């Protein structure tokens, strides 16, 4: 597949994939800086509106979660790195979370060590979900949570995470 440089959130690309693994860009809000003829700058929020999205929001992570769900074929599987705020946000976040739990089987949440992605102090998670066919009853019934944050201390130099780590900690 050729590499295309475009705004991934602008429209449904039409293509569907069996697996999507991604670390979407961190940063809560999207905006565009406009420079006028007089040199003054203004900022406009980029709110993504798409027919295939459950909610309209300027939150990039929430829009990427919706986009990834659209990209998946049925059945399709995804693993997505998201910051903590995506999991607990109200408003559009709550709508998206509820629809994701209903329309997909969200089966695993892995809490990553603080600062592993983006910047020191930023808490991130990986959510794993499978896209399923339409159903009146929610697909998500059980959620496995792997916590690599509580009482575990990893640093890139003194105590790096190793491939054996999950098994050593009883996570299989």
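The values are calculated or read from the model by the stated rules, or taken from the named source; none is laboratory data. Please read these numbers as outputs of a predicted model, since none were measured by experiment. Cβ: placed from backbone, ideal geometry, glycine included. Neighbour counts: every protein chain shown.
Tabulated data
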quantity	calculated
Test: residue in the range 118-128 that is more than 22 Å from residue 25 (Cβ to Cβ), surrounded by fewer than 19 Cβ atoms within 10 Å (Cβ to Cβ) and modelled with pLDDT of 80 or more	no
Condition broken by residue 149, with the remaining ones in (1) part of a loop (DSSP other than H, G, I, E, B); (2) over 24 Å from residue 17 (Cβ atoms); (3) in contact with a strand residue (DSSP E or B) (Cβ under 9 Å, 6 or more places away or on another chain); (4) modelled with pLDDT of 85 or more satisfied	(4)
Within the range 87-119, tally of residues that are outside any strand (DSSP E or B) and at negative phi	22
Tally, over the range 53-86, of residues that are modelled with pLDDT under 90, touching a helix residue (DSSP H, G or I) at 6+ places or on another chain (Cβ under 7 Å) and assigned to a helix (DSSP H, G or I)	3
